[in-house]
Each structure stands twice: as C-alpha cells, then as structure tokens.
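A short write-up of the structure that comes next.
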Amino acid sequence: MLYAIPCERKRMAIREYTWANLRMERNMGKIEGIKIQNYGVLKDIVLGKTRTNQRARALGNLVAVIGQSGNGKSTLADAFGFIADCLEVGVEAACDANNRGGFERLITQGAAEPILFELYYRESSKTRPITYELEIDLDKTGRPYVKRERLRQRVEKHGWPRTFMYLQEGAGYAFEGNDDGGQDDDGSITGKKVEVQLSDIRRLGIVTLGAMKQYDRIEKFLNFLKSWYLCYFSPDAARRLQNANALSPISVICSQPSVSPPDSRFPQRRNASVSTFAAPFACTT
Ligand SMILES: Nc1ncnc2c1ncn2[C@@H]1O[C@H](COP(=O)(O)OP(=O)(O)OP(=O)(O)O)[C@@H](O)[C@H]1O
Ligand SMILES: [Mg+2]
C-alpha cells in the first residue's frame, strides 16, 4: 500500500508521456520511404514505403541500418546531407562539399543514368503523402545540374497522385495554392497551373518556388527539408543532441562507430557497423 501512490503516479506519467509522444508523432512531418539510385555504392536501393512500393511498410521513427563494412551505411547517411547541401548551396557546390570530391566521384562508377533521389513524405498522419523526385546529372559543359524535379501528391477520392511541380532542365510548371491542384498522367488538370522557367539550373526548383507565397505546398515541403538536423557524430555532438532535438523533431544524426576487433571464437563472423535513423531519422554509421 505504501508504494501504491508512487507506482500509480509512475504509471500515469508513462501514460501521459506515451500520449504526448503519439500526439507529436501524428503532427510530425516524416519520411516514410526513400529510393536512391546511382549515389556512390548505392546503385539502386529502396527503404520503406514509396510511390511505387505501396505495399511496403513505412519507415518507423527509429531505423537501424546494419551491415558489413563498405555496404553503404555512411553513403546512405550522406545522401541526406547531400540533399540538405543541395538546398543550401545548389547541386554543383553540394557535389564538392564535405569531401565528396565532385560529381564524377559521387555517381556510382559505370552508371549511365543520373543520380536519383525519391523521398516519400507525409506531413502528418492526416495528410496525403507527397513524393519528391530529384535527378542530378552533368550538363553539356560537364557541370552538375538539376536534370529533373517532380512533386506529386495523391488526391482525395482520386486514386493516383497528381503532379503539382514538374521541372525538366529548369523549365516546366507548378500549381499554386494548397489544395488538390495538379496534373494527371493523362494531362488533365485541376487548379491553377503556372508555367515556370528557372534562371539557374544548378539550384533546386523547390528552393526558388518554395520562397514564393503562392506555392504553399512547395513551401511546406521545403520547410520540412530545412528542418533536418544533420550532425556527424562526435562525443561533443552527442552532448548537443538534446538541444538539437528540442530545436527540431526531424533529425539526421550520423556517427562513426569504433570497429570492434574480430571475435577469435567466431572467426567466420564479419564485423558489422550500425546506422540508426530516428525522429524520423537519426543515424549512426
Ligand atoms: N562512386 C562510387 N561508385 C561505387 N562505389 C563507390 C563509390 N564511391 C565509393 N564507393 C564504395 O563505397 C564503399 C564505402 O561505402 P560506405 O562508406 O558507405 O560503407 P559503410 O557501410 O559505411 O562502411 P563502414 O562500416 O566501414 O563504415 C567503398 O567500398 C567504396 O569503394
Ligand atoms: Mg561507414
């Protein structure tokens, strides 16, 4: 009996914490899946649920990527850093940033197709998912540029996603507003379609258009990408993590593990290092 009150309090605190977490989760932007092609060792990978992989389970709030050395864990973590750098400094500078060594070193050796990222994103549990596709290639002068960018969202009572931004080599269209506007694959249109021509093909269209008031949906998606917190793990970075999470619920955290020596009892076992992604992405590699 003496312990009944504290135990009950503890239970209530846990319940409250769980509900608070659930509430936060429902209102939190989240990447449910990602597809990457021709980025370093990642020739063609899909994680979680994507537009063309609807039966797969969406990524959880904590994802651990485990694998033997050289299978692309750090490259996967860096893909998020690369996208963040593309937003900030454009694709050409992003290829050179953070010791990436330029486009030729970045693209999968022998790949004939561009680097491709596809993010499957949901703003909250009540909103319909958005797919963002980004292709980066070399232009005729041999400089990296944004070859193609596309945003799609599935529309209520309408099975297929509609494209609400499409840019090829800096030219294309976008739909204004925050409603169901978009273009179907068969060319039919709802909402206000605006022709777009970008002056800089090395900057992302979502950055240019997301800065304009009339493209609400693009702006929201851009703000989600900007809210990522990226950190390459170090003991000092670990100390700052609490503050980082307070700043933003969306994190990408990367760390370098200490590689343990092989266990002499099990020589056949290979060392595996770990990547984890949380809230919705944090990773240690
Ligand atoms: N452009 C490229 N095309 C193909 N492979 C590449 C390219 N750039 C790097 N690699 C390969 O990617 C591998 C490194 O991948 P990465 O560092 O992501 O692995 P990892 O899983 O993090 O390994 P570790 O556990 O040792 O940290 C190396 O084998 C390297 O040769
Ligand atoms: Mg690594």
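Just so it is clear, none of the values below were taken in a lab; they were calculated from the coordinates. For clarity, every value in this text was computed on a predicted model and none was experimentally measured. Please note: Cβ atoms are built from the backbone with ideal geometry, for glycine as well, and neighbour counts cover all protein chains shown.
Structure notes:
- In nm, spacing of pseudo-spin labels at GLN68 and ILE14 (7 Å Cα→C-beta vector): 4.1 nm
- Packing-based exposure ordering (other Cβ within 10 Å, fewest first) of THR190, THR163: THR190, THR163
- Size of the stretch 93-217 as Cα extents on the principal axes (Å, biggest first): 45, 30, 27
- Cross-link table LYS73/LYS220; LYS30/LYS226; LYS193/LYS226; LYS35/LYS147; LYS10/LYS30; LYS140/LYS193, entries beyond 20 Å C-alpha to C-alpha: LYS73/LYS220; LYS193/LYS226; LYS10/LYS30; LYS140/LYS193
- The stretch between SER227 and VAL89 holds 48.1 nm of extra length on full extension. This uses 0.36 nm per residue minus the Cα-Cα distance.
- Taking other C-beta atoms within 10 angstrom as a stand-in for reagent exposure, ILE107, ILE115, ILE189 fall in the order ILE189, ILE107, ILE115, fewest first.
- Ranked ILE66, ILE83, criterion: other C-beta atoms within 10 Å, fewest first: ILE66, ILE83
- Spin-label pair THR52/ASP200, simplified geometry with 7 Å Cα→Cβ offset, distance in nm: 3.1 nm
- Sequence ranges 127-133, 42-48, ranked by mean other-Cβ count within 10 angstrom, highest first: 127-133, 42-48
- Summed side-chain charge close to ARG9 - residues other than ARG9 whose Cβ falls under 13 Å, Lys, Arg +1, Asp, Glu -1: +1
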